[in-house]
Every structure is written in structure tokens, then in C-alpha cells.
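The values are calculated or read from the model by the stated rules, or taken from the named source; none is laboratory data. Everything quoted here is computed from the prediction, not taken from an experiment. Note that we place each Cβ from the backbone using ideal geometry, even for glycine, and neighbour counts take in every protein chain shown. Note: areas computed on protein heavy atoms with side chains; ligands, DNA, RNA excluded. Shrake-Rupley method; radii C 1.70, N 1.55, O 1.52, S 1.80 Å.
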Amino acid sequence: FLRSLSHTTPADRYAAYLQSGADLSALIRPEWRPHRDVRDNLRELFADIQDTPPIATMCLVDQQFWLPDTYLEKSDKGSMAASLEMRVPYLDNEVVEFANSLPDRLRVRGQTGKWLLREAFRELVPPGTFDRFKRGFSVPIADWFRDQLGSFFADRVLGPSARSANYLDQSAIARLFAEH
């Protein structure tokens, strides 16, 4: 596996990483699937930033592909669902421009990421704050499907009058739903 990766481009390796989970495109009816593969978009972006140092490259790629459609979308939906106004302070234009201008040595030191940010705030935050592991937030979707959400989902998404049937492969979705 690793030997085959050494012969691919950075764009191909990153696309493989992004697509390492379940292939959800199989849930979309063929006529509605995107015409461009994520690899095409990544190849264009990597070509535009080919002379950029490695860590800076990954940050720029993450800004284009990971943040907008994953983290920011989830936080936006979550805050709206709770009627909250949310701000993402590190995404202020000036902060992003500053961070993007930093050399890799100020971004990562050894195994320590966000090195400059940690140094800037070391005296302002309680001891040990930077040493903790990230804690994710998981959604108990399997429990919901087995309980209160199950009949609603089956009726609205898999039922005979489901609007999603025009766009999604109902049999593929039914198989995934049955797994829960």
C-alpha cells in the first residue's frame, strides 16, 4: 500500500485520504452525481500552490476542501438549530492571511502543531490546556434510527412519496438504514 502511494501525486494521496471513508456517491442516482472527481479539483489546487512548503500546502488544501464542507458546515447547522449566533475567530480574514504567511517552522515544532498560537497564549491560559487531547462530538445516529428517528426517516426518506427518491438510490439507502 505505501509503495503504491509513493508513485502518486500529493493531490492523489490527499484525495485518497478524503475518500477513505464510505463512498457515499453510490447513494446518489447516477444522473445527479458530480461530473468532476475530487481528484480533478485537488490536482488544480496543488498545481496552483506547487512551490508552497509542505505544511503550508496542507493548510491551504484544508481551507479549500475540509473546512467549508465539513467543520464549518456542521458548526453552522448546529448553531442555527440551537438558535445561536456563532463566531469562528480564527477565520477572520486578517488572521487567516497572517497564518497563511507563516513559515512552516512557526506552524509546527517537532510533534507540536499550532506552535506559534500556543506560544502566544501560553501565559494567558491555564496550565495543561495545550496538553489535553481533542474531544470530538459524536452524533448518536444509530441510536436515533433504532428509536425516535427510525419511523420518521423510513416514512420521509424511504416512503413511497419521498421526494428524495428522484435523487437518491432508495435501495442503497434502505440497506444502510437496515444496518442500524
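As a test of the formula, what do you get for the chain when each DSSP H run with n ≥ 4 contributes -39,500 (n - 2.57) and the sum is divided by the residue count, at 222 nm and rounded to the nearest 500 deg cm²/dmol?
Only helices count here, giving -14000 deg cm²/dmol.
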Considering only protein heavy atoms, what per residue accessible area in square angstrom results for the stretch 48-151 with a 1.4 angstrom probe? 82
When the Debye formula is applied to the Cα atoms of the stretch 88-134, each taken as the same point scatterer, what base-10 log of I(q)/I(0) results at q = 0.13 Å⁻¹? -0.34
Which of Ser101, Asn41, Tyr71 sits farthest toward the positive end of the charge dipole of the chain, with +1 on the Cβ of Lys and Arg and -1 on the Cβ of Asp and Glu? Tyr71
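With the Cα gyration tensor of the chain in hand, convert its eigenvalues to equivalent ellipsoid semi-axes via √(5λ) and list them largest first in whole Å.
For the chain, the semi-axes come out at 36, 25, 16 Å.
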Sort the following peptides by mean Cβ neighbour count (other Cβ atoms within 10 Å, averaged over residues), highest first: 125-135, 154-164. 154-164, 125-135
Within the chain, what whole-number % of the accessible surface is contributed by carbon and sulfur, with the 1.4 Å probe and all protein chains included in the calculation? 57
Given axes a ≥ b ≥ c from the Cα gyration tensor, I'd like to know whether the stretch 42-142 is rounded (a/c under 1.5), prolate (a/b larger than b/c) or oblate. oblate
Listed highest first by mean packing, meaning other Cβ atoms within 10 Å per residue, what order do 171-179, 36-44 come in? 36-44, 171-179
